[in-house]
Amino acid sequence: MKFSFLNVAKGPASTWSATNDDPQFVFRWRWFRPRCLLFHLDGGDGSLNPVIYWDKGGGFHEGDTVPVDHVGSTVYALNLVDVPRLRALRIDPSSHPTSFVFHWFAVYRDGALAKTIRLALNSAGQPASPGPRFRWLAEAATSDAGRPHDQAVGDLPSFCRYVEGLAKDALVVPGATGSSDGAVGLSLVVPTFNTPPAYLDALLGSFLGQGRTDAELILSDDGSTEGATCRWLEEHRTSAQVRIIRWPENCGIAEATNRGIAIARGRWLGLVDHDDALAPGALSQLFKAIAQNPRAEFFYTDEVVTDIALRPVGLHAKPAYDPVLLSGVNYINHLSVYRRHRLNALGGLRPGFEGSQDYDLLLRYLSGLPAEAVVHVPFPAYFWRRGGSTFSAKHLDQATEAARRTLAAHVAPALGKLPIDPALAGALHRPRLDAMVRQWPHVTILIPNRDSFPLIGRILSDLATRTDYPTFEILVIDNGTRDPAVLRLYDEQRLLGRPFRADIVVEPFNFARQVNRGLRLAGGDHVVLLNNDIEVLAEDWLREMVSCLWYPDTGIVGARLLYPDRTIQHAGVVIGLGGLAGHWFERASPQNPGPLGRLHVRQTLSAVTGACMLISRSCLERVGNFDEDQFKIAYNDVDYCLRAAAAGLRTVWTPFATLIHRQSASRGSDETPANRGRFQAEQSALRRVHGTERFEDPAFSPWYTRHRSVPALRLRGELPSARMNGLVG
């Protein structure tokens, strides 16, 4: 770099063409580091997804990155002064081949910054087109954006301030403070009992700070006996927009809440705990979502987990509505907003479910609602004070038992009492769907293979000795085995008396074509695609997968797969990871619960791997064959799942069917020179057919990074929009 008289260095404004999926610009400083780095980025096709890497002495790695939501032509400013131990900086503009404009400016003196920003904006302008945007990334540069999400997150306070700022900007719209006729649109009901005045002060302050005239706060006191609580309630009886009702006896949280619901005037009703608080902008974001979704019946938001002093320690970033996930964990929780007339028709909360009364209400309220009637508002609207004083925390066993009672009645009301086992994490749930199966359907297990005697020998042995499913046939689709040992193995299998067939056709390897050949020959009610490099761990794996077809509209079921070292290989596929699609939490420990415990329970996902995929016969009839032209080897499973979703069918992933997968053990890696061209063509096809760069996966939080398998929180250029369920149809 050369210094100009402004103490500014700059590079040429050039158009670049990336020929692979990892273009990089690296800036290193031996002696003098700039105070600020500006760069202009403009992608003609609008598909850039830049990521910034920081080298703080240990090289560049995925744990020290900041993803950037890029739109159009933008000049970015990075503050380098406050980044500790910074050795180098890397900017990856895209995760795929494309063309773009890149122009950089390094500012070494604060006095030159303003002029350099103007210079960058002017040089980036194009005739007869809008000028570029400007974004200051100082906070992103100094945050620790790579830390886990649902744990103690060091950058969460700054994240909350960041979201608060976006919320305030979003509120500068007509009607942001309330309706003109004075009608109450939303009532928040809070049951109280001996609540510390400091908690009540925080709750009331957070409500009044919303600045809404069309909301009311109802405090329903359940016979408090503490003098400080009673005095506080008396002193605030005349507070604006606050209604306080007191009862002489203690009747329990369900009855206290129902009494508050009975006097509510709002068309919508939210339930708030007495020791929690609302985030700034929460009500306006809810009112905005309600106005945009007039036919919806239920809304829920994200929530910030705080310590006892309401300091943020974690974020519950939630997926779109998923009734399958809800059958394993109450991931919806706070803040939930109900239509008052539907809630009243249900009779409100039921006594006898203490510790899980909200879960019981959710399951009853959502039963029978179409998916499009449930809206997720991905805004951290609720501050949940997590401590040891709540009923569910003090009496976890009782709360868990209550949750499983209501879940059993919800999942199978006609069965009587459905067994509900612990999930992989003890306090979460596994409805034993296999208990509802009266006659197991016949299944075809379809195994693509060629040679690979150790692999095909092991999986055939596991199916014979370690799989307890009562009725299945094995169909090996072979594309030209020459190994005499494998051919003898096929002959031996035919003589064992079990339904077995090896269909051998000499042809180049095309996974999708082999699958389609097998589908034409399959005689089962359902088909399981099973790689030859799979090993069975528990004998009930196939019963579990078939029983998951009980969930409504389910057409595909995927399993949890582990590498031989027992780290996670497949916990489901997220669309949009890396601009394409990827396995989230790959290489994580199997004990890692994931966000909201999702890796330990069943859930709906956008896609699962074809290495172990159950496809129902009805799904095969509606979706058809695998695409053997555009997705010969890679992404054919992702394409198939997305086509199934477009046909209105659900893909369920279950951790209760766990197997070992020696990924690509037989066909090899996609990164070899011989395979790279084909692989890149299939990547391009996935982007073109399914728009994966812009795909907002409903199973994924819009607050998560998309550039690595273990997501972290990211900073966005705007608040994400409310979303209905998009996992089916």
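The values are calculated or read from the model by the stated rules, or taken from the named source; none is laboratory data. Model, not experiment: these values are computed from the prediction. Cβ coordinates were reconstructed from backbone atoms using ideal geometry, including for glycine residues, and neighbour counts include every protein chain displayed.
Checked against (1) among the polar types (S, T, N, Q); (2) more than 23 Å from Arg340 (Cβ to Cβ); (3) surrounded by fewer than 22 Cβ atoms within 10 Å (Cβ to Cβ), Thr213 passes all but a single condition, namely (2). For the stretch 217-260, a residue qualifies if it is closer than 16 Å to Leu204 by Cβ, touching a Lys or Arg at 6+ places or on another chain (Cβ under 9 Å) and of a type in the set (A, V, I, L, M), and the qualifying residues are Leu217, Ile218, Leu219, Leu233, Ile244, Ile245. Total residues in the stretch 439-466 satisfying the condition of being within 18 Å of Ile615 (Cβ to Cβ) and under 33 Å from the mean Cα position of the chain (by Cα): the figure is 8. The set of residues from the stretch 198-220 being at pLDDT below 95 and touching a helix residue (DSSP H, G or I) at 6+ places or on another chain (Cβ under 6 Å) comprises Gln210, Arg212. Return the pair list, or none, for Cβ contacts closer than 7 Å from residues in the stretch 641-658 that are touching a residue at least 12 places away in the same chain (Cβ under 8 Å) and crowded, with 24+ Cβ neighbours inside 10 Å to residues that are acidic (Asp, Glu) and part of a helix (DSSP H, G or I), at least 6 apart or on different chains. Note: pairs meeting the criteria are Thr654/Glu544; Phe656/Glu544; Ala657/Glu544.
Going by the structure shown, is Pro441 touching a Leu at 6+ places or on another chain (Cβ under 9 Å), in contact (Cβ under 8 Å) with a residue 60 or more places away in the chain, farther than 18 Å from Ile534 by Cα and not small (Gly, Ala, Ser)?
Details: touching a Leu at 6+ places or on another chain (Cβ under 9 Å): yes; in contact (Cβ under 8 Å) with a residue 60 or more places away in the chain: yes; farther than 18 Å from Ile534 by Cα: yes; not small (Gly, Ala, Ser): yes.
Against the criterion (touching a Leu at 6+ places or on another chain (Cβ under 9 Å), in contact (Cβ under 8 Å) with a residue 60 or more places away in the chain, farther than 18 Å from Ile534 by Cα and not small (Gly, Ala, Ser)), Pro441 qualifies.
Of all the numbered requirements in (1) more than 16 Å from the chain's Cα centre (by Cα); (2) modelled with pLDDT of 90 or more, Asp697 misses one, and that requirement is (1). Meeting the requirement of 1 or more residues that are surrounded by fewer than 21 Cβ atoms within 10 Å (Cβ to Cβ) and among the basic types (Lys, Arg), the strands (runs of 3 or more DSSP E) wholly within the stretch 450-563 are 500-504. Just name the residue that is modelled with the lowest pLDDT out of those in the stretch 1-32 that are in a strand (DSSP E or B) and under 13 Å from Ser99 (Cα atoms). Of everything passing the filter in the stretch 1-32, Ser14 is modelled with the lowest pLDDT. Criterion applied to Val486, Val515 was being at pLDDT 95 or above, farther than 23 Å from Tyr640 by Cα and touching a Phe, Trp or Tyr at 6+ places or on another chain (Cβ under 6 Å), and the one residue passing it is Val486. Selection of helices (runs of 4 or more DSSP H) fully inside the stretch 292-404 by the criterion of at least 2 residues being aromatic (Phe, Trp, Tyr) and in contact (Cβ under 8 Å) with a residue 12 or more places away in the chain returns 357-366.
Could we say that Gly518 is of a type in the set (Gly, Ala, Ser) and under 22 Å from Asp639 (Cβ atoms) here? Yes. Scan the stretch 246-259 and give yes if some residue there is out of contact with any helix residue (DSSP H, G or I) (no Cβ under 8 Å at 6 or more places or on another chain) and on the phi > 0 side of the Ramachandran plot, otherwise no. Scanning the stretch 246-259 turns up at least one residue that is out of contact with any helix residue (DSSP H, G or I) (no Cβ under 8 Å at 6 or more places or on another chain) and on the phi > 0 side of the Ramachandran plot. With the condition kept exactly as written, say whether any residue in the stretch 275-296 is in the same structural domain as Leu233 (by TED's automatic domain parsing) and closer than 18 Å to Leu349 by Cα. No, the stretch 275-296 contains no residue that is in the same structural domain as Leu233 (by TED's automatic domain parsing) and closer than 18 Å to Leu349 by Cα.
Please enumerate the residues belonging to the stretch 639-649 that are over 13 Å from Gly572 (Cβ atoms) and in contact with a strand residue (DSSP E or B) (Cβ under 6 Å, 6 or more places away or on another chain). Lay out the reasoning, then the answer.
Applying the first criterion (over 13 Å from Gly572 (Cβ atoms)) to the stretch 639-649 yields 639-640, 642-649.
Those that are over 13 Å from Gly572 (Cβ atoms) and in contact with a strand residue (DSSP E or B) (Cβ under 6 Å, 6 or more places away or on another chain): Ala644, Leu649.
For the stretch 551-598, the set of residues classified as under 27 Å from Arg687 (Cα atoms) and of a type in the set (Phe, Trp, Tyr) consists of Trp584, Phe585, listed by residue number.
You will find that of Gly266, Gly270, the residue that is closer than 17 Å to Asn333 by Cβ and surrounded by 15 or more Cβ atoms within 10 Å (Cβ to Cβ) is Gly270 and no other.
Number of residues in the stretch 300-340 that are of a type in the set (A, V, I, L, M) and over 15 Å from the mean Cα position of the chain (by Cα): the value is 8.
Anything in the stretch 701-725 that is of a type in the set (Phe, Trp, Tyr) and under 23 Å from Asp21 (Cα atoms)? List them, or say none.
Our first condition is that a residue be of a type in the set (Phe, Trp, Tyr); within the stretch 701-725, this holds for 703-704.
Matches in the stretch 701-725: Tyr704 only.
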